[in-house]
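This report refers to the structure that appears directly beneath it.
Values in this text are rule-based calculations from the coordinates and carry no lab data. Computed from a predicted structure; not experimentally measured. A quick note on method: Cβ atoms are made from the backbone with ideal geometry, for glycine too, and the neighbour counts reach across all protein chains shown.
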């Protein structure tokens, strides 16, 4: 038979194990699911450009101050890490500068009819 303290410890252990599983599932879902802005346009990345430029669909555009680039796992990456030829979605600010770039997954490419 377990004593009262033994039962409390066992219950605490169960709560910790279940709680860890819930947090892990939430973290996985957060990485796997992302919502792209409705105003995002699709493009194919061109050759690397000097800062602050980026080539999208053979057109050289300027990155906005504070622009953010996300990889397929929704991690922030630097401009130098952009892979040429990758399918992306991007948004622009009120000046027409690129403010966000999202490197698209295969399923996201299907949404934009890119291959």
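Brief remarks on what is shown
- Ranked 56, 104, 13, criterion: other C-beta atoms within 10 Å, fewest first: 13, 56, 104
- Relative to the longest principal axis of the Cα atoms of the chain, the long axis of helix 4-32 lies at roughly 10 degrees.
- Residue-span extension gain [residue 16 to residue 81] - 0.36 nm each, minus C-alpha spacing: 19.6 nm
- Packing-based exposure ordering (other Cβ within 10 Å, fewest first) of 20, 35: 35, 20
- For the chain, the Kirkwood radius over C-alpha pairs fed into Stokes-Einstein at 4 °C and 1.567 mPa s yields D = 78 µm² per second.
- Taking the chain and dividing mean pair separation by its residue count, relative contact order in percent (alpha carbons under 8 Å, at least six apart): 23
- Of 100, 8, the sequence from fewest to most neighbouring Cβ atoms within 10 angstrom is 8, 100.
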